[in-house]
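FYI, it's all coordinate maths here, none of it is from the lab. Quantities reported herein were computed from a predicted structural model and do not represent experimental measurements. For neighbour counting, all protein chains shown are included, and Cβ atoms are generated from backbone atoms with ideal geometry for every residue, glycine included.
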Amino acid sequence: MKIPFNSLFFKIFTGFWSLIFILVAILVALPMLDNRTVRPIDQFGIELLNKSSHHLILRLGRHPERDLASTLQHFRPKNGFRFYALDQQGRFLNDRVPKAVRRFAIDSESVTLPQMWQRHDGVVLGPVQFIYNGQPLLIYAHKYVDQQTGRLIIRWLLDNPGLLVLIALIVSTPICLLLAWHLTSPLRQLQSASHQIAKGELATQIPQLSRRDEIGQLANSMDKMVLSLKTMLSSQQRLLSDISHELRSPLTRLRLALAISRKHQGESNELNRIDVEAERLEQMISDLLSLSRTQFQPQAMQTIRLDSLLEALLEDAQFEAEQTGKAFHYDPPPAIELQAYPALLSSAIENVIRNAIHYGQHDIRLTIEQTPNVLMIMVQDDGLGIPEHELTEIFRPFYRVSQARDRESGGTGLGLAICDNAMHKHGGSVKAENVNPGLKVSLMLPR
């Protein structure tokens, strides 16, 4: 499979490979620039150590009251070196010993052949053997010297591996950030656009990304997908409108013929039956158009107050329940704000309430509960309920639990489907459950 150079795979691979190459190159090059390896000392260094040790012996002879540690502390030749003595147990007799001297004493392999080691903070020479009070000692010399800035920095870094790792991280961080931003910035734009599309806002503009990798191809595919969705939904709307018009024309003529028949023949069971079915057909057409409108909702969400939305709806529901000899109870809705499609949400709540009024026997109750994340609107009736295995099926379009009951009530099987679709538009859900007595339908909205 051929992978183009502008592909996302190639960019990620090249970015990480380049970063690893840079770090490895730095780590390999730094030791090569360092000349601090332990090496044999030259003749000048040997003479310096011998002369200094001879002067140290003379100093001890002139001041026998001083011990070796005190003498070393005050022994400072003109060459600028400081001297440090190591006993056979590996302990230095001086009070303070530079880190470079301690490390050199550990790394040097020979005690008979003096060596030299350069560091960022100076140079270390030694050891030379020295006898003091019959005890063999090793003498090391250390001197702080000024060195070239470039080599000083390199040696300083190599002497501090923790700092070297920190610098490597600092160098790699901008490269990683640039690569991460290059990959995630367009993805965040696409994520935001897809979130709006998922809520039904098909007018959302897909970001036009001027890139030829997989992310650019994804943006182009999303743009085509949204265009196809708009076309299909527009065709669906046009088809339903045409069907509605074509069905309502003969339905109007049927009602006209029915009225003429009643005028000439009077009332009869057959004519009444035709009237009921015609009314039911007209209601089904209206519900179909309402369901179609909820499935294609181009308007943006609005900030609404729940009490203002429900005030007139609850009063109408209470009046409708009283006309059928039933009681509709509710507590005043809270004055809270939420993001919603007002017409969709009102239609969903109204369908659930009317369904409860149809199938409740005496009492219907609406309650509202809220948590920091969810608003729950619950409608409960005292009817017969429905079989448990059909609790999820009742939200499908045209689904009927009982054909006989639907014929008596005039139901079309679309009310709860409209409610379910509206809840999904809001990013919420709806569920039904049997209670004792009756059925409870809960609408859950995110806050």
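One chain, two ends: Arg305 and Glu47. Fully extended at 0.36 nm per residue, the span grows by 83.3 nm beyond their Cα-Cα distance. Each peptide in 186-195, 173-182 was scored by the mean count of other Cβ atoms within 10 Å over its residues; highest first, the order is 186-195, 173-182. Fewest neighbouring Cβ atoms within 10 Å first, the residues Ile353, Ile285 line up as Ile285, Ile353. Cross-link check: pairs Lys11/Lys425; Lys224/Lys425; Lys224/Lys431; Lys326/Lys431 evaluated at a Cα-Cα cut-off of 30 Å; pairs beyond the cut-off: Lys11/Lys425; Lys224/Lys431. Each peptide in 257-267, 372-382 receives the mean, over its residues, of other Cβ atoms within 10 Å, and ordering these scores from highest gives 372-382, 257-267. Coupling constants for the range 11-22 follow from the phi torsions by the Karplus curve (6.51 cos²θ - 1.76 cosθ + 1.60, θ = phi - 60°), and in residue order they are 5, 5, 4, 5, x, 5, 5, 5, 4, 4, 4, 5 Hz; glycine and proline get x. Note that the range 301-446 carries a Kirkwood radius of 15.4 Å, evaluated over its alpha carbons pair by pair. Size descriptors for the range 200-271 (Cα atoms only): Rg and Dmax, in that order, 25.0, 77 Å.
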